Amino acid sequence: MREVNASEEQEQESSEWNVRELSGSEFDELSAASRYGGFQQTSEMAALAQSDGMQTQYVGLVDSHDAPVAGALVAFSQGRFGVEGSLWLGPLCNGNNREQMTALTEGLREAAERVHAISLTCWPNQVYCVRDSQGKAMAEPNDEMVREYERLGWKHAGFTRGYDALMNRWNYVKDLREFSNAGELLASYAKNTRRNVKIARNSGVEVRRLNRSELNVFHDICELSSERQHFANRSLDYFERVYDAFGDKAEFMVAEVHLDRYLQSWEEKLAKFSKDVERLERSLEHTKYPDDVRKKLDTAQKNVESARRRIEDANERIARDGEVVPVAVGLFMWHERELVYFSSGSDDR
């Protein structure tokens, strides 16, 4: 026997890796277990791509026991100059691991050659730079990962900001591990946000899940936001295909204002405020502290006027929009390691 150093051990270990195509279930298990896994690297995403006419393949890197250790879902589509391959938030591999990335890149290159693809583009689901909520860098950028990709023949296309046509490079992540219930989560938000949630709860707003036949509501409200914020909205057909491909893992949610309940709540408040006015007017006749009563009476009368304005506004809105009005929508994508707020829109009215 002879001694071997750590690098030689790694080389021996990497030589036992093989590249083969994975099954959908194998790939989903890999995605669920990988720290780089996400809903865009799953069999459901493959089904969505196939529904759009794309060809997909699960390229896997397996160990000596034929167990997957890394991999990628590749979707091939017809581009302007030929077939193009895309890895959305992939591969499922540490970009800083030279040995695994070398073997997997070679497997991806062979997969691309088999379909005569002219290019292969990936958006790694790996953090380049961690920043706090104010945008300040909390660690050094992972430039070594970029260099590892470049050593293997990948070309860095540069960084972008804002809404991208395919993949947003900036993501906001909230770690939920410190919260045990919804109350603790709500308490972690800013004062104004907590206030807005309270107002919504008291204003007849309810959230429910949309069914497939209601996806036009989702699309139309997203269209309002896309026009206002200058990004391209997805088609209704796309949302329907997401619904079909992901099933329960895609939650299309809508927040609706129940104006009938909102109207009723203000009618009840008006009755209460009116009684307060009557009580204070009677009290004013014999009170020893008229100034204090007049202040309370003034407040009660203002409350009455405010309630009447809200009732009038509610009646006008019901006449125009109906008793139940959808005001905001959101698409939530579930994966074993994350919940992604993927798409949303709101009606500013």
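The values are calculated or read from the model by the stated rules, or taken from the named source; none is laboratory data. Since the model is a prediction, treat every value here as computed from it, not as a measurement. The protein model used for the area step is the full one, side chains on, heavy atoms only, and it has no ligands, DNA or RNA in it. Shrake-Rupley method; radii C 1.70, N 1.55, O 1.52, S 1.80 Å.
Considering only His219, His335, His286, the Gaussian network model of the chain with Cα springs below 10 Å gives its largest mean-square fluctuation to His286. Taking Asp237, Asp347 and ordering them by how much accessible surface each has at a 1.4 Å probe, largest first, produces Asp237, Asp347. For Ile199, the accessible surface of its heavy atoms amounts to roughly 80 Å² (probe 1.4 Å, protein chains only, rounded to the nearest 10). Here the scattering of segment 161-228 is modelled by Debye summation over its C-alpha atoms, one equal scatterer each and no solvent; at q = 0.16, 0.24, 0.29 Å⁻¹ the log10 of I(q)/I(0) is -1.03, -1.08, -1.09. One Cα centroid belongs to segment 25-88, the other to segment 111-185; the line between them spans 17 Å. Quick check on segment 193-349: take the gyration tensor over C-alpha atoms, sort the square-rooted eigenvalues as a ≥ b ≥ c, and tell me if it's rounded (a/c under 1.5), prolate or oblate. Prolate, since a/c reaches 1.5 and a/b exceeds b/c.
For segment 82-240, what class follows from the C-alpha gyration tensor (a ≥ b ≥ c being the square roots of its eigenvalues): rounded when a/c is under 1.5, otherwise prolate if a/b is larger than b/c, else oblate? Oblate shape, in that a/c is at least 1.5 and b/c is the bigger or equal ratio. A 1.4 Å probe, protein heavy atoms only, puts the accessible area of Leu166 near 100 Å². In square nanometres, what is the average projected area of the Cα convex hull of segment 69-139? Its average projected convex-hull area is 6.3 nm².
Counting heavy atoms of the protein chains alone, Tyr341 has an accessible area of about 140 Å² for a 1.4 Å probe.
For the chain, the relative contact order is 14 percent, taking Cα pairs closer than 8 Å that sit 6 or more residues apart in sequence and dividing their mean separation by the residue count. Taken as Cα centroids, segment 298-349 and segment 231-283 sit 5 Å apart, rounded to the nearest whole angstrom. The alpha-carbon positions of segment 49-107 define a convex hull whose volume is 98 Å³ per residue. For segment 10-141, what class follows from the C-alpha gyration tensor (a ≥ b ≥ c being the square roots of its eigenvalues): rounded when a/c is under 1.5, otherwise prolate if a/b is larger than b/c, else oblate? In terms of gyration-tensor shape, oblate. Over the alpha-carbon set of the chain, divide Rg by the Kirkwood Rh and report the Rg/Rh ratio to two decimals. Rg/Rh: 1.15.
Note on segment 299-349: Rg/Rh from C-alpha atoms, Kirkwood Rh, equals 1.29. Measuring spread by the Cα atoms of segment 30-77 yields a radius of gyration and Dmax of 11.6, 36 Å.
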